[in-house]
Amino acid sequence: MASGCQHNKGDRKQFLKSQVLPDRCRHFINGKYLDSCNGEAFKKTLPAYNESWFDVALGGTAEIDLAVQAAEKAASGPWSRTTPGDRAKMLHRIGDLIEANVETLALAESVDTGKPYSETRNGDIPRSAQNFHFFADLAAHQNFETWIGDDGSQHTTIREPLGVTGLITPWNLPLYLATWKLAPALAQGNTIILKPAELTPLSATLLCELLNEAGIPEGVVNVVHGFGANSAGEALVRHPGVKAISFTGETSTGSAIMRDGADTLKKLSFELGGKGASVIFEDADLDLAIPTACRAAFRNQGQICLAGSRLIVHEKIAQTVVDGILNHIKKIKIGDPLDDATTMGALIANDHRDKVAGFVDHARSGRLGEILCGGKIPDALPTALASGAFYEPTVIAGVAQNSRLIQDEIFGPVLTVQTFKTIDEAIALTSGVLYGLSCSVYTRDGALAQQFARSVRMGMVWINCWFIRDLHTAFGGMKRSGIGREGGRYSLDFFSEHKTITTALVAKL
Ligand code: ADP
């Protein structure tokens, strides 16, 4: 991979076009880049510029079959004889290679997604490397449970690889979420077929170069590009050779995967939609709560399942908090994702931007709330960005709990505002949605924070913060936000078969 460190900031696009981007994102099967069997490909549009700089091989049943064959062969080859320590060394090597190529990967991720380079350079890509380092250490030092029975017999439960596993990932944090699944699956000795989102094929394709450089045996990791239903995604889910599917994406897609995986009894892990909230009590430190809530709503253009897309604030401080948020929004700089000064880039695609705009238009036409700022495509974009997928950060106050704006995942830069008087009301508003992924609560009262955290139906609650993660902990949601948990030993458990080995003791006391 061309090192990103040498390019001059003004030449980022040129550097990408001439040295980084492939003419086509090809599949990676059995250690080699391949076109589709019938040569089919689709155009990839870069969301900030509404231009296409490369196309993508279109995979389906045939390419998934090839990938499964390669992964099955690799699952019984030298990879199956590696120890956790061997695999830990390999994972650290991959993590090191990602770090050595951080700038190039960050630039590629930014043009592919439209998100600011500052976020991919300092967030997504370093965290992708960290995923490998973390699971390398965790899996190398795992221990097993042993129980001694009443009769003195010894029972040990060990973890073994599942075999061929399928990973299906979304477009909002492409490399970060792919590596969040790849690293534990590899650490546990599985072989893998990754189906990246059709809208963001680039970073996974570039990662394969690094996997080869790290010396990962052929067939251990395979990448097949394509769409979901009636395409590579569905073929992967239906394939009888694939033992498990780890999926992050929309709730409705999770339902389809569950249906398609039923015949072959797939083991499933689902991280689905969210409708997070920032809940601010009267005694909160507003110098902390306001900027954090603003970040929670608008980071990655609001396209994060953990986004705090609902502001739920005590009525006595509502005006102060809303004024503070509106002031913060004025500092957001919408622009070219490759510019260092940009803090808000493009949404993933124009049709997704139109879907987000549709929610706001629905609020406007139905007088469902008061639009306090934004609610439109920015007027003063430079020519190069004029047809990109941009949308202004938007705040809508006074929305009813049963409105689509509160109930549906908008997945864009739209923050709703609701007020409460009592902790019970705050809990009811926060939990009163079909999703149950995450929320933040801001208060100086430790007991109140605990009471709130334990009462809400959310898989993750942040107290006086947002988006801080320790990779050991359980990550995932309740209700329609998912099934199972990822993170630390939860990921290792998912990517394992558990086997119990019992030894009867001959000598009896
Ligand atoms: P989004 O609409 O935000 O792209 P999706 O849940 O549709 O979210 O997509 C997430 C991932 O799931 C993508 O890689 C997509 O191709 C894949 N996908 C979508 N539909 C299916 C399906 N029916 N079977 C398997 N994978 C799918």
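Values computed for the structure shown
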| read-out | value |
| --- | --- |
| Solvent-accessible surface (1.4 angstrom probe) belonging to Lys43, in square angstrom, nearest 10 | 140 |
| The stretch 279-370 shape via C-alpha gyration tensor axes, a/c threshold 1.5 | oblate |
| R0 of 45 Å, Cβ-Cβ distance Asp137-Arg367: FRET efficiency to nearest 0.05 | 0.25 |
| Value of relative contact order over the stretch 198-346, rounded to a whole percent, pairs C-alpha under 8 Å and six or more apart | 15 |
| Area of His314 that stays accessible when all protein chains are in place (1.4 Å probe, Å², to 10) | 20 |
| The chain: DSSP helices with Cα axial extent of at least 15 Å and average Kyte-Doolittle hydropathy no lower than 0.5 | 102-113, 174-187, 202-214, 286-298 |
| Gyration tensor verdict on the chain (Cα atoms; rounded if a/c is under 1.5, prolate if a/b is larger than b/c, oblate otherwise) | oblate |
| The stretch 333-443 - charge dipole about Cα centre, Lys and Arg +1 at Cβ, Asp and Glu -1, debye rounded to 20 | 280 |
| Distance between the stretch 273-307 and the stretch 420-462 - C-alpha centres, whole angstrom | 13 |
| Among beta bridges that DSSP assigns inside the stretch 20-172, antiparallel share in %, nearest 5 | 85 |
| Student exercise, the chain dipole from Lys, Arg, Asp, Glu Cβ charges, in Debye to nearest 20 | 340 |
| Cα shape, the stretch 174-243, gyration tensor, a/c 1.5 rule | oblate |
| Efficiency of FRET from Cβ geometry, Arg404 and Glu497, R₀ 41 Å, rounded to 0.05 | 0.45 |
| Ranking by accessible area, most exposed first, for His92, His472 with a 1.4 Å probe | His472, His92 |
| Relative contact order %, the stretch 161-202, counting alpha carbon pairs below 8 Å whose residues are six or more apart | 55 |
| For the stretch 178-317, size of Cβ-based charge dipole, Lys and Arg +1, Asp and Glu -1, in debye | 380 |
| Area accessible to solvent at Tyr117, 1.4 Å probe radius, in Å² | 10 |
| Fraction of antiparallel bridges per DSSP, the chain only, in percent to nearest 5 | 40 |
| List Arg367, Arg87, ordered by accessible area with a 1.4 Å probe, largest first | Arg367, Arg87 |
| Unit charges at the beta carbon, dipole of the stretch 283-366: most positive-side option, Gln301, His352, Leu311 | His352 |
| Positive dipole terminus of the stretch 1-159, leading residue within Thr45, Pro78, Phe144 (C-beta point charges) | Thr45 |
| Accessible-area order (highest first, 1.4 angstrom probe) of the listed residues Leu272, Leu199 | Leu199, Leu272 |
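The values are calculated or read from the model by the stated rules, or taken from the named source; none is laboratory data. Treat the numbers as computed from the prediction; the structure is a model and nothing was measured. We place every Cβ from the backbone using ideal geometry, glycine too, and count neighbours over all the protein chains shown. All accessible areas refer to the heavy atoms of the entire protein, side chains included, with ligands and DNA or RNA removed. Shrake-Rupley method; radii C 1.70, N 1.55, O 1.52, S 1.80 Å.
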